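Here is the structure we will look at, set down as structure tokens.
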Amino acid sequence: MSRTTPFASPLLLGFDTMEKTLERISKASDGYPPYNIERMQADRLSGEPERLRITLAVAGFSEDELDVTTEENQLLIRGRQIEQGERDYLYRGIAARQFQRVFALADGMQVLGAVLKNGLLSVDLIRPEPDRIVKKINISVSQ
């Protein structure tokens, strides 16, 4: 049985990488750590543009145990807690587990920065308005 994809139309050229990205994201469905994505309105007084903020709940992680990087069109957020010696737990309900959360970024998206405060890691992103380019294509006529 063949599978029909949203990008199977002959009018959509060069979208094969987008299709692969969608497949990869649909497979990564681990719910840890939980996160929010919110739209932050532009602030005309301070001149800050509209932006997106991704906030992850990373309680127990220090700045040294978190890594935020961009690779190609992906935002990768990784966490790895370092075991602090031998402890004698009577009960251990807080797991020291590592994680990797991947977000696909549209072309032109830029990471402004990341802030860790009160166990929440916030990553701000903007999408600058691209210059509209209209290019005239000459038509050659052969005789």
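Top to bottom by accessible area (1.4 Å), largest first, where do ARG53, ARG80 land?
Ranked from most to least accessible, the order is ARG80, ARG53.
With a 1.4 Å probe and all protein chains kept in place, how much accessible area does SER46 have, in Å² rounded to the nearest 10?
70 Å²
What is the ratio of the Cα radius of gyration of region 50-138 to 2.2 N^0.38 Å, where N is its residue count, to two decimals?
Working it through for region 50-138, the quotient is 1.55.
State the three equivalent ellipsoid semi-axes of region 37-86, derived from the C-alpha gyration tensor as the square roots of 5 times its eigenvalues, in descending order and whole Å.
Result for region 37-86: semi-axes of 31, 14, 9 Å.
The values are calculated or read from the model by the stated rules, or taken from the named source; none is laboratory data. Since we're looking at a predicted model, the values are computed, not measured. The area values use the complete protein model at the heavy-atom level, side chains included, leaving out ligands, DNA and RNA. Shrake-Rupley method; radii C 1.70, N 1.55, O 1.52, S 1.80 Å.
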